[in-house]
Each structure stands twice: as structure tokens, then as C-alpha cells.
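For reference, the structure discussed in these notes is given below.
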Amino acid sequence: MGAGARFAARAIDRDQKRMPDILARAHAHRGCSFVEIIQNCIVYNDGAFDHFAEKDVAPDRQVWVEHGKPLIFGKDRNQGLRFNTKTFQLEVVTIGEGGVTEADIAIHDEKNRTLATMLAAMEPPHFPVAVGVIYCDPVATYESAVMAQAEQAKARVKGKPGDLNALLRRGHTWTVTA
């Protein structure tokens, strides 16, 4: 997110059901896509991600982010992320406690860079790990913008497009005599 990515997602290697959808979205994105795949390495970091990736703890330690849907997680689907307007931060809340309802839970907007940055930075044990398409706000690719600019320049030229002689001789001209 800090490098200005237009597509950022996170997947876990053990989640074979959802990872193909994330990779398909990344592939379809026009431009550079960044997908962080959290993967166990049995040689160098065996078990490093077990505290949120293991099946028995995943529902309580991961929040699956989907555009337009509330950021709800937990084995009983009773926890969520709420934006605290006093601290300008996300906070974990339990639905049904302290007057918190599902209406208080933040809705994921994958075009919101600020929300995406907060979701990407969340870490256990105080927050769940955000998994899914965290940010996707496509813009015109560099090459399409260059081609559009060239077409606009051609449209502005009076006479035959690409005729350098006509371009140089229109408007103010002068003759130099020796």
C-alpha cells in the first residue's frame, strides 16, 4: 500500500477454496497486482503462522474482506471491525455487547485506500488478519494513457495528421533573407 499499489490482496496457502478467486482477480487487473501469500515453510519457519492460519483458530483470527460486505468474523460470526471516530482507528467489537449492532460494523470498500491501509496493517493478537482483496482501484494503464494522449494530439492538428510540413507552415511564419 505504501508503494502506491492499485491492487493489493492477501491469501493463505491453506485456503484452497478462496485463493483461486483472489489470484483470478489479480490476473484480471490491468496493471501491476500485488498478492501476499502467507505460506508455511517447514525448513525455515515451520508453524510461524499457525496462530492465525490453523483451521481451529482461523475463524477467530482472520477476517475475510469482500467489497460491500461488513467486516465480520469469529467462529460465531459475532465479532467485527468498527471505525472509532475518536481515535480514527479500527477496533474489534463484539456484536450484541455494549449496544453494538451489525449496523455499527464497518463495510469493506476495496476502493478506499485509507481503509485498505488500516486492514493491511492489522496484526494478531489484537486484530484479525485481513484476507482477500484488500484494495482494488484500477486506473488507466500507462500505455493506454499514452495512446489516448497521442490520439488527442492528432485530433487537435488541423490538416493531415502526421504532416510535419503542414504543421510548420501553418500560423505565423517568416522568411529569412541573407
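The values are calculated or read from the model by the stated rules, or taken from the named source; none is laboratory data. This structure is a prediction, so every number in the text was calculated from the model and none was measured. FYI the Cβ positions are ideal-geometry reconstructions off the backbone, even for glycines, and counts take in every protein chain you see.
Pick out the one residue from Arg25, Arg10 that is in a strand (DSSP E or B), buried (at least 17 other Cβ atoms within 10 Å of the Cβ) and touching a residue at least 24 places away in the same chain (Cβ under 8 Å). Before you say what the answer is, go through the steps one by one.
Working: Arg25 fails: in a strand (DSSP E or B).
Among Arg25, Arg10, only Arg10 is in a strand (DSSP E or B), buried (at least 17 other Cβ atoms within 10 Å of the Cβ) and touching a residue at least 24 places away in the same chain (Cβ under 8 Å).
If the requirement is being at pLDDT below 95 and more than 19 Å from Ser33 (Cα to Cα), which of these qualifies: Ala145, Ala155?
Details: Ala145 fails: more than 19 Å from Ser33 (Cα to Cα).
Just one listed residue meets the conditions, Ala155.
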Among the residues of the range 59-87, the number that are farther than 19 Å from Gly132 by Cβ and either under 20 Å from the mean Cα position of the chain (by Cα) or assigned to a strand (DSSP E or B) (or both) is 1
Can you give me the number of residues within the range 54-81 that are more than 18 Å from Asp15 (Cα to Cα) and exposed (fewer than 14 other Cβ atoms within 10 Å of the Cβ)? 5
Just name the residue that is farthest from the chain's Cα centre (by Cα) out of those in the range 124-150 that are exposed (fewer than 11 other Cβ atoms within 10 Å of the Cβ) and not aliphatic (A, V, I, L, M). Gln149
Check Asp109, Asp104 and return the single one that is in the same structural domain as Ala58 (by TED's automatic domain parsing) and touching a strand residue (DSSP E or B) at 6+ places or on another chain (Cβ under 8 Å). Asp104
Collect the residues in the range 3-21 that are over 17 Å from Glu123 (Cα atoms) and over 11 Å from the mean Cα position of the chain (by Cα), keeping them in residue-number order. Ala3, Asp13, Arg14, Asp15, Gln16, Lys17, Arg18, Met19, Pro20, Asp21
Pair list, Cβ < 6 Å and 6+ apart or interchain, from the range 96-114 residues that are surrounded by 15 or more Cβ atoms within 10 Å (Cβ to Cβ) to residues that are among the aromatic types (Phe, Trp, Tyr): Ala106/Phe83; Glu110/Tyr135
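Might you let me know whether the range 34-50 holds any residue that is in the same structural domain as Leu115 (by TED's automatic domain parsing), part of a helix (DSSP H, G or I) and within 24 Å of Glu143 (Cα to Cα)? Lay out the reasoning, then the answer.
Restricting attention to the range 34-50, the residues satisfying the condition of being in the same structural domain as Leu115 (by TED's automatic domain parsing) are 34-50.
Okay, now just the ones that are also part of a helix (DSSP H, G or I), so 50.
Cutting the leftovers down to within 24 Å of Glu143 (Cα to Cα) gives us none.
So far as the range 34-50 goes, no, none of its residues is in the same structural domain as Leu115 (by TED's automatic domain parsing), part of a helix (DSSP H, G or I) and within 24 Å of Glu143 (Cα to Cα).
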